[in-house]
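So the structure is just underneath, and the comments pick up after that.
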Amino acid sequence: MSLYNISEYKNRPLVNSYPLEKKGKKSDSIAMENGRAVIFTGGLGPKADRVKAVIEEAEITVAADSGWDLAVSMDVVPDYYIGDMDSITDHEGLKALTDERRMIHPVDKDYSDTELSIKFLEERNYRDIVLIGGGGGRIDHLLALTSLFSRTEKPAEWYTAAEHIIYTDENFTFPCKTGQTLSFFSATGDKASVTTRGAKWELNDFKLDAVNYSLSNTAVGTRVEVKVHFGAVLIMINYLSL
């Protein structure tokens with residue numbers, strides 16, 4: 001759970017290690033993947049009820065700088081704050097966290113606060129990472145967030161104020177509403193190929209790359225099936241189109 005009363009909050013354990021799975025009788029071990037993690041990032045986010053279940057399922061929540069303000073607007077106190085404090089407004093509320101949970105970085109640095117948050121989670125073996133926020137605002141920030149999906153350390157999903165974005169490199173079926181707008185892009189800019197079932201304009205082994213994409217398709221039912229022949233795909237589901 002990630003919906004907390006601030007007075008109860010400081011008793012939550014720090015996430016400073018991850019479980020290990022032993023292989024046979026050997027002393028060697030490999031890291032097991034942890035569960036879902038949520039990063040709140042700056043920019044416009046969805047309505048709280050749209051991501052309530054996602055947040056409640058998360059094992060850990062992280063605020064990337066002004067993502068703290070977005071989380072607080074949803075009545076969530078993140079487990080950790082990572083950032084340079086150049087855009088957060090709720091400085092007083094940040095005092096709810098102990099020093100170990102507040103990771104302050106200089107403004108002049110090589111990585112964005114969201115990138116640092118992803119690295120923090122990856123180092124603790126979280127792979128199912130969901131971004132919340134990041135919509136609207138500066139186009140360079142939007143492009144920077146989108147580029148995260150082409151990296152080794154990447155989010156699995158992203159919720160903005162207008163859409164739900166899903167990364168997949170395997171067959172995938174998702175629920176939707178009739179008439180909902182759907183778009184499909186290559187996740188990395190490299191070649192990918194998809195076939196759909198449940199869209200108004202079905203894609204059949206449709207090739208995606210840096211310049212070819214499927215924009216403003218439409219769901220004809222309550223679920224869409226996507227077969228990924230090769231490559232990685234971003235599925236963009238617009239929930240303001242209804």
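A short reminder: the numbers here are calculations on the coordinates, not readings from a lab. Values in this document were obtained by computation on a predicted structure and should not be read as measured data. Because the Cβ atoms are built from the backbone with ideal geometry, glycine has one as well, and the counts that use them run over all protein chains shown.
Fully extending the segment from ASP190 to ALA156, taken as 0.36 nm per residue of separation minus the present Cα-Cα distance, adds 10.5 nm. List the aspartates and glutamates whose Cα sits under 16 Å from the Cα of LYS191, skipping any in the same chain fewer than 8 residues away. Correct list for LYS191: ASP169, GLU170, ASP205, ASP209. For the chain, DSSP calls about 65 percent of its internal beta bridges antiparallel. Calculated mean residue ellipticity at 222 nm for the chain: -4500 deg cm²/dmol, from DSSP H runs with n ≥ 4 weighted as -39500 (n - 2.57), summed, divided by the residue count and rounded to 500. A straight Cα-to-Cα reach below 16 Å connects LYS177 with the aspartates and glutamates GLU163, GLU225, residues fewer than 8 places away in its own chain not being considered.
Each label was represented as a point 7 Å from its Cα along the Cα-to-Cβ direction; for SER147 and ASP49 these points are 3.8 nm apart.
Taking every Cα-Cα distance in the chain and sorting them into 10 Å bins starting at zero, the pair-distance distribution P(r) comes out as 7, 30, 33, 21, 9, 1 percent. Only lysine pairs 8 or more places apart, or on different chains, with alpha-carbon atoms under 23 angstrom apart are counted in region 33-161, and they number 4. Relative contact order, whole percent, for the chain stands at 17, derived from Cα pairs under 8 Å and 6 or more residues apart.
Computed on region 166-242, with alpha-carbon pairs under 8 angstrom and 6+ residues apart, the relative contact order is 48 percent. In terms of surrounding Cβ atoms within a 10 Å radius of their Cβ, GLU163, GLU153 rank from fewest to most as GLU153, GLU163.
Explain nothing, just the number: dipole magnitude of the chain about its Cα centre with +1 on each Lys and Arg Cβ and -1 on each Asp and Glu Cβ, in debye rounded to the nearest 20.
Values: 27 positive and 36 negative charges, 163 e Å.
With Lys and Arg at +1 and Asp and Glu at -1, about 780 debye.
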